[in-house]
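> Provided herewith is a single structure, encoded as structure tokens, for subsequent inquiry.
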There are 2 protein chains.
Amino acid sequence: MESLDRQILALLAHDGRMSYTDIGRETGLSTSAAQQRVRRLEQRGVIKGYRAVIDPASIGAMLTAFVQIQPFAADQPDDTPELVSHIPQIVSCYSVAGETSYLLKVQAGNTVELEHLLAEIRAAGKVSTNTTVVLSIPYEERSMLPEPHSARLSNGRATEAEPDVAG
Amino acid sequence: MESLDRQILALLAHDGRMSYTDIGRETGLSTSAAQQRVRRLEQRGVIKGYRAVIDPASIGAMLTAFVQIQPFAADQPDDTPELVSHIPQIVSCYSVAGETSYLLKVQAGNTVELEHLLAEIRAAGKVSTNTTVVLSIPYEERSMLPEPHSARLSNGRATEAEPDVAG
DNA sequence: TCTGAAATTGTTTGTGG
DNA sequence: CCACAAACAATTTCAGA
């Protein structure tokens, strides 16, 4: 019976401000049943929050880049994420396997600002950096869940055996 | 006067379901003025949408990875993003400068599924891949905008000369 | 571009199955 | 876990500045 929850997650991933009334309509539930399910998904931590998606260029972030990070001292306590987390231009921080230790996604207004930002990261994190500039973004942070078609044509059966929504 | 818009963007980046009533309270505007500003930000494309943030593990995505992509044929029309966009596990696609042409962020349930996913990407996109597995995510997709403190202590003046919100 | 008020719509809670 | 209905709260629209 959890394809209902997946359906709700897909709807809210696509439109985080959709009303419970509309969620109910789309899923065939009453408003209050829809609201109860959403509340349970929030309490279980399945829904971690809601965000407005903001056009980066509109807030002066013309440049996006990925920065591969290698700490200088391999024996030191490795707290790179905390050392650089105060820098607002760092929007994501991933600990990764492979040739480097961390991968950061950063945003800057222009190349000069990016240059300063990289210097700041190297200084604050005691790391070396290897930066890849993003040229364009065909798509970003889509939901893995199938896009909800407004018209209810198909049944809710999953096409393959997949794990149910877990809390 | 656009520090008001930046403040609203910061609030909605942090909580995409915040009510216009609360936005008005935080910014010192009336409810309808807050709503009008949000509507204008949406119409100008500054706010591109709203999303629920979903815990990946809850929908069976235990593994996140970054896949560097190199097309086989350098002379072919390069439509890699379209060739692979139908694969739901690819959540982001970046065109990048540097040694490779594209960077994908992907999600899979386990290593075997990741292996199949990479084979699918190589086949669909006519590309070679170089994959970096994510071990943990200290933080992800934060807003560059300053986090709104609920208590109104500071004035709205920017600390540096920054571009105003543009449409 | 704002306020304030009125009309509409959505949310929340309780009762009961 | 669901539906229904009543009480409450938010949204939307409009007049006026």
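> Can you work out which of the residues in the stretch A:16-54 that are buried (at least 16 other Cβ atoms within 10 Å of the Cβ), in a loop (DSSP other than H, G, I, E, B) and at the interface with chain B (Cβ under 8 Å from one of its Cβ atoms) is nearest to DNA strand D (Cβ to nearest atom)?
Ranking the qualifying residues of the stretch A:16-54, first place goes to A:17.
> Among the listed residues B:121, B:137, which satisfies the condition of being open to solvent by 60 Å² or more (accessible area, probe 1.4 Å) and at pLDDT 95 or above? If you could, list the steps in order and put the result at the bottom.
Working: B:121 fails: open to solvent by 60 Å² or more (accessible area, probe 1.4 Å).
None of the other options fit; the residue is B:137.
> Let me ask something else. Somewhere in the stretch A:50-69, is a residue under 24 Å from residue B:11 (Cα atoms), β-branched (Val, Ile, Thr), within 16 Å of DNA strand C (Cβ to nearest atom) and at pLDDT 95 or above? Reasoning before the result, please.
First, the residues of the stretch A:50-69 that are under 24 Å from residue B:11 (Cα atoms): A:50-64.
Next, from what is left, pick out any that are β-branched (Val, Ile, Thr): A:53-54, A:59, A:64.
Going one step further and asking which of them are within 16 Å of DNA strand C (Cβ to nearest atom), we end up with none.
Looking for residues that are under 24 Å from residue B:11 (Cα atoms), β-branched (Val, Ile, Thr), within 16 Å of DNA strand C (Cβ to nearest atom) and at pLDDT 95 or above, one finds none in the stretch A:50-69, hence no.
> Still on this model: Before we move on, is residue B:68 among the polar types (S, T, N, Q) and within 19 Å of the chain's Cα centre (by Cα)? Please lay out each step first, then the result.
Numbers: among the polar types (S, T, N, Q): yes; within 19 Å of the chain's Cα centre (by Cα): yes.
Yes; evaluated as a whole, the condition is true for this residue.
> Provide a single number: the residues in the stretch A:54-87 that are touching a residue at least 60 places away in the same chain (Cβ under 8 Å) and of a type in the set (Val, Ile, Thr).
Going through the stretch A:54-87, the residues touching a residue at least 60 places away in the same chain (Cβ under 8 Å) turn out to be A:63-70.
Okay, now just the ones that are also of a type in the set (Val, Ile, Thr), so A:64, A:67, A:69.
The qualifying residues number 3.
> Only residues in the stretch B:1-18 that are over 23 Å from residue A:18 (Cα atoms) count as the first member; pair them with residues that are surrounded by fewer than 16 Cβ atoms within 10 Å (Cβ to Cβ), Cβ under 6 angstrom, at least 6 apart or cross-chain, and list the lot.
Close Cβ pairs (under 6 Å, with a partner that is surrounded by fewer than 16 Cβ atoms within 10 Å (Cβ to Cβ)) amount to B:2/B:164; B:3/B:156.
> Given the structure, is residue B:83 more than 8 Å from chain A (Cβ to nearest Cβ), out of contact with any Phe, Trp or Tyr (no Cβ under 6 Å at 6 or more places or on another chain) and open to solvent by 20 Å² or more (accessible area, probe 1.4 Å)? Before you say what the answer is, go through the steps one by one.
On the way: more than 8 Å from chain A (Cβ to nearest Cβ): yes; out of contact with any Phe, Trp or Tyr (no Cβ under 6 Å at 6 or more places or on another chain): yes; open to solvent by 20 Å² or more (accessible area, probe 1.4 Å): yes.
For residue B:83, the condition - more than 8 Å from chain A (Cβ to nearest Cβ), out of contact with any Phe, Trp or Tyr (no Cβ under 6 Å at 6 or more places or on another chain) and open to solvent by 20 Å² or more (accessible area, probe 1.4 Å) - is met.
> Take residue B:128 and tell me if it is of a type in the set (S, T, N, Q) and in a helix (DSSP H, G or I). Step through it out loud before you land on a result.
On the way: of a type in the set (S, T, N, Q): yes; in a helix (DSSP H, G or I): no.
Taking the combined requirement at face value, the residue does not satisfy it.
The values are calculated or read from the model by the stated rules, or taken from the named source; none is laboratory data. Please read these numbers as outputs of a predicted model, since none were measured by experiment. Positions of Cβ are generated from backbone atoms using ideal geometry, with glycine treated the same way; all protein chains shown enter the neighbour counts. Side chains are part of the model used for accessible areas, which takes the heavy atoms of the whole protein and leaves out ligands, DNA and RNA. Shrake-Rupley method; radii C 1.70, N 1.55, O 1.52, S 1.80 Å.
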